[in-house]
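Here is the structure we will look at.
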Amino acid sequence: MCSRKCFRMPTLVICGVVLTIILVCITGITLTNSINISNIVKLREKVASDSAAANGGHQAAQTRAALVEQQYSTLQQHHLSRSDLNYIQAATHPKNLQRQLQQQQQQQLQQQQPNKIVIEIGLSNDSGPSSAPASSTLGSSSTGPRILQAAEALMEGNVDSISLPAAAPLTAATTSSAKSLENSQGSDTPHSHANTTNADITMGIADHNPGGIQFERRAHVKQMMEHAWHNYKLYAWGKNELRPLSQRPHSASIFGSYDLGATIVDGLDTLYIMGLEKEYREGRDWIERKFSLDNISAELSVFETNIRFVGGMLTLYAFTGDPLYKEKAQHVADKLLPAFQTPTGIPYALVNTKTGVAKNYGWASGGSSILSEFGTLHLEFAYLSDITGNPLYRERVQTIRQVLKEIEKPKGLYPNFLNPKTGKWGQLHMSLGALGDSYYEYLLKAWLQSGQTDEEAREMFDEAMLAILDKMVRTSPGGLTYVSDLKFDRLEHKMDHLACFSGGLFALGAATRQNDYTDKYMEVGKGITNTCHESYIRAPTQLGPEAFRFSEAVEARALRSQEKYYILRPETFESYFVLWRLTHDQKYRDWGWEAVLALEKHCRTAHGYCGLRNVYQQEPQKDDVQQSFFLAETLKYLYLLFSDDSVLPLDEWVFNTEAHPLPIKGANAYYRQAPVTLPVSNAS
Ligand code: DMJ
């Protein structure tokens, strides 16, 4: 007898069997599919195509290797380090390339960037808050990634060339720059720069238009700076200057015979501009740990200390916002303040850092102070007041200004000597060279620095320059424009190398105000610059003498033995730089390059750069001094001559007389003005 239960059992078994069969069929179809002929073909095709790709990849890798090699030599020419080159090797490793190139393609699609660009490999990718980064500058905050990106782009064929760093000073990296700037404005809160140096701060100055750069020439100047710096570091670190021949330190009396690291402080902004990051950090570190005028009894030149040390620190502060530099600038300026305690407020030339006792040079016309010295404090002291909020410094230089404004000027000219006790002129010697030069420079530049609001300064400049044009500027029989010295109404037809800066000064005066004198200023500016060039090319060394004369017999040539030396001075190159910026006449760049070649031929030694004792000898003797202004000025102006105009544009920066660029008020976000506070200086 079969129960209902009996009947259901076979049914369930049958259902199970059917289900199993269906499942087996489905699996069978799938398995069959996976091994069918067409799929085998497809698999073979895939293997074949992968293999072809691999071969192609090999070829591509060879092409890449060739390109990398090609770029190695370019980069080496640009003095990138071995680690930079290693970075490129890593960047071009086949494993990394695929991923990197894909990322780059995606970025390109997203950003719709132009395909052919020039890449700047700089130590900073930043641009100032006032100016957007150039489209050609790849965004990254350190050298390695930037080189990597550059290499990637190169591999991809997206770049025409790779170039070196450069404009728009910055310290704070993109993300932190605006913040850092805000914080630094009006805030004196000290912070540990150790943090910012390592983490936040990138450096270098980037050109906004790589088309405006002469890469090879500029790279060469940068390499000269490295040579000068590295040898100073090796043989004279912390001392004032280097003696390259004897490989030992040198200290001129202007530095008071103490170890003040003059070359470090003077040269540091040049390192910064060139993007020499490691060297910059060494210098900054030395300043933080060692630089102090406390506890030393140095008799310092107020003028030299101001233009090199205060000026250098101020520029570094403007560039970086690092409070260290503001503190040091103020520290140095405070040490100079006792020199201003005279009946007129015209400071003495020398001051003792310990006692505050100040005095003038014994040789200077009856105890006089010197026009080019007390008249070359305005830019630094005015700016120091603005960034510290302490009006005292500006007051000191305003007092000097008032004395000079009100005093009677013989024939509208300023003699080089003024007695600080009596307020009377000393000997009636006038010069746009030694003892006078930078006073005139600071009249124009004070007006520029103020955002062209300090009208008094511009008026005093125009009055002085018109008198000089009338009484001292002359044309030689051969058609060379020069500016003579004037001694007791007699022209001395001699021009100092120092006066060669005035070519640039006249031109800058012309370019910044349209008035009745504009054309004359520009004509004379070009003429003086041409004459200084002549003084160079008329010497066998192609370097110019300390002073040169004009007579029936000679033009633009030194006559006396004590005028024939060249001490690495910058003034002629300064004018080439300014004239290049204002006219874009290629000859100024070519003249600068001629000078670079001459410096390399005659002044370069295995251990730094020296001046020459006689520029008229074929193989002149070297003087064994690498002046700090060679790093601060000579190499800076030459570097800028071959840079794009966007590197420290002249409508945003004004150069102090030691070539330390200071920001222009109202035109430059790096001005970093602090709110005015009550005087806090403990100096008198
Ligand atoms: C520099 O210290 C300054 O340029 C100064 O104004 C004049 N002399 C030297 C360079 O020659």
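The values are calculated or read from the model by the stated rules, or taken from the named source; none is laboratory data. Small disclaimer: the values here were computed from a predicted structure and weren't measured. All Cβ positions, glycine included, derive from the backbone under ideal geometry; neighbour counts span all protein chains shown. Each accessible area value is taken on the protein alone, full model and side chains, heavy atoms only, with ligands, DNA and RNA left out. Shrake-Rupley method; radii C 1.70, N 1.55, O 1.52, S 1.80 Å.
Identify, please: which residue in region 361-386 is aromatic (F, W, Y) and assigned to a helix (DSSP H, G or I) and is, among those, nearest to R672 (Cα to Cα)?
So the residue we want is Y383.
Consider region 613-632. How many of its residues are open to solvent by less than 10 Å² (accessible area, probe 1.4 Å), out of contact with any Lys or Arg (no Cβ under 7 Å at 6 or more places or on another chain) and either of a type outside the set (A, V, I, L, M) or more than 16 Å from the ligand (Cβ to nearest atom) (or both)?
So the answer is 2.
So in region 549-575, with the set limited to residues that are of a type in the set (F, W, Y) and within 15 Å of the ligand (Cβ to nearest atom), which one is surrounded by the fewest Cβ atoms within 10 Å (Cβ to Cβ)?
For region 549-575, the residue satisfying everything is Y565.
What number of residues within region 203-217 satisfy the criterion of being in contact with a strand residue (DSSP E or B) (Cβ under 9 Å, 6 or more places away or on another chain) and either modelled with pLDDT of 95 or more or open to solvent by 10 Å² or more (accessible area, probe 1.4 Å) (or both)?
Total satisfying the criteria: 4.
Does F573 count as under 15 Å from L638 (Cβ atoms) and either touching a Phe, Trp or Tyr at 6+ places or on another chain (Cβ under 7 Å) or not in a loop (DSSP other than H, G, I, E, B) (or both)?
Yes.
Just to check your reading of the model, which residue among E534, E574 is within 28 Å of the chain's Cα centre (by Cα), of a type in the set (D, E) and under 30 Å from D651 (Cβ atoms)?
E574
So is I307 part of a loop (DSSP other than H, G, I, E, B) and either of a type in the set (V, I, T) or within 16 Å of the ligand (Cβ to nearest atom) (or both) or not?
Here the answer is no, as I307 does not meet what is asked.
Within region 580-598, identify whether any single residue is within 16 Å of the ligand (Cβ to nearest atom), open to solvent by less than 10 Å² (accessible area, probe 1.4 Å) and over 11 Å from G544 (Cβ atoms), and answer yes or no.
The initial filter retains those residues of region 580-598 that are within 16 Å of the ligand (Cβ to nearest atom), namely 595.
Subsequent filtering for residues that are open to solvent by less than 10 Å² (accessible area, probe 1.4 Å) retains 595.
Filter again for over 11 Å from G544 (Cβ atoms), leaving none.
There is no residue in region 580-598 that is within 16 Å of the ligand (Cβ to nearest atom), open to solvent by less than 10 Å² (accessible area, probe 1.4 Å) and over 11 Å from G544 (Cβ atoms).
Take region 310-337 and flag every residue that is part of a helix (DSSP H, G or I), in contact with a His (Cβ under 6 Å, 6 or more places away or on another chain) and more than 17 Å from Y442 (Cβ to Cβ).
Result: L324, single match.
Scan region 512-548 for residues that are among the charged types (D, E, K, R), open to solvent by 60 Å² or more (accessible area, probe 1.4 Å) and either part of a loop (DSSP other than H, G, I, E, B) or farther than 12 Å from T572 by Cα (or both) and jot them down.
Listed by number, the residues that qualify are R513, D516, D519, K520, E523, R538.
Do you know which residues across region 584-615 are within 19 Å of L498 (Cβ to Cβ) and in a loop (DSSP other than H, G, I, E, B)?
G611, R613, N614, V615
Can you pull out the residues in region 285-304 that are open to solvent by 10 Å² or more (accessible area, probe 1.4 Å) and part of a helix (DSSP H, G or I)?
The first filter runs over region 285-304 and keeps only residues open to solvent by 10 Å² or more (accessible area, probe 1.4 Å), leaving 285-286, 288-290, 292, 294-297, 299, 303-304.
Scanning region 285-304 gives D285, W286, E288, R289, K290, F303, E304.
Might you check whether a residue that is modelled with pLDDT under 95, away from the ligand (no atom under 16 Å from the Cβ) and over 21 Å from C610 (Cα atoms) occurs anywhere in region 524-535?
no
Please tell me if D496 is out of contact with any strand residue (DSSP E or B) (no Cβ under 8 Å at 6 or more places or on another chain) and open to solvent by 10 Å² or more (accessible area, probe 1.4 Å).
Working: out of contact with any strand residue (DSSP E or B) (no Cβ under 8 Å at 6 or more places or on another chain): no; open to solvent by 10 Å² or more (accessible area, probe 1.4 Å): yes.
Criteria not met by D496.
To keep it simple, each residue is scored yes or no on (1) closer than 20 Å to G312 by Cα; (2) touching a Cys at 6+ places or on another chain (Cβ under 8 Å); (3) surrounded by fewer than 19 Cβ atoms within 10 Å (Cβ to Cβ).
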residue	(1), (2), (3)
G367	no, no, yes
L371	no, no, no
L377	yes, no, no
G389	yes, no, yes
Y414	no, no, no
L418	no, no, no
G426	no, no, no
D437	yes, no, no
E455	no, no, yes
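Among the candidates Y348, Y414, which residue alone is closer than 25 Å to C500 by Cα and in a loop (DSSP other than H, G, I, E, B)? I'd like the intermediate steps shown before the answer.
Working: Y348 fails: closer than 25 Å to C500 by Cα.
Testing whether each residue is closer than 25 Å to C500 by Cα and in a loop (DSSP other than H, G, I, E, B) leaves just Y414.
Checking the conditions here, which among I307, I287 is out of contact with any strand residue (DSSP E or B) (no Cβ under 7 Å at 6 or more places or on another chain), of a type in the set (A, V, I, L, M, F, W, C) and over 22 Å from L392 (Cβ atoms)?
After applying the criteria, what remains is I287.
Quick one: how many residues across region 259-277 are buried (at least 24 other Cβ atoms within 10 Å of the Cβ) and closer than 20 Å to D294 by Cα?
Summing the residues that are buried (at least 24 other Cβ atoms within 10 Å of the Cβ) and closer than 20 Å to D294 by Cα in region 259-277 gives 7.
State which residue pairs qualify: first residue among the aliphatic types (A, V, I, L, M) and open to solvent by 20 Å² or more (accessible area, probe 1.4 Å) and inside region 645-666, second residue within 16 Å of the ligand (Cβ to nearest atom) and not in a loop (DSSP other than H, G, I, E, B) in any location, beta carbons under 9 Å apart, and separation of 6 or more residues or different chains.
Qualifying pairs under 9 Å: L650/L508; L650/V578.
Restricting to region 450-483, name every residue that is within 16 Å of the ligand (Cβ to nearest atom) and over 30 Å from E552 (Cα atoms).
none
Go through region 227-258 and count every residue that is charged (D, E, K, R) and open to solvent by less than 30 Å² (accessible area, probe 1.4 Å).
Total meeting the criteria: 1.
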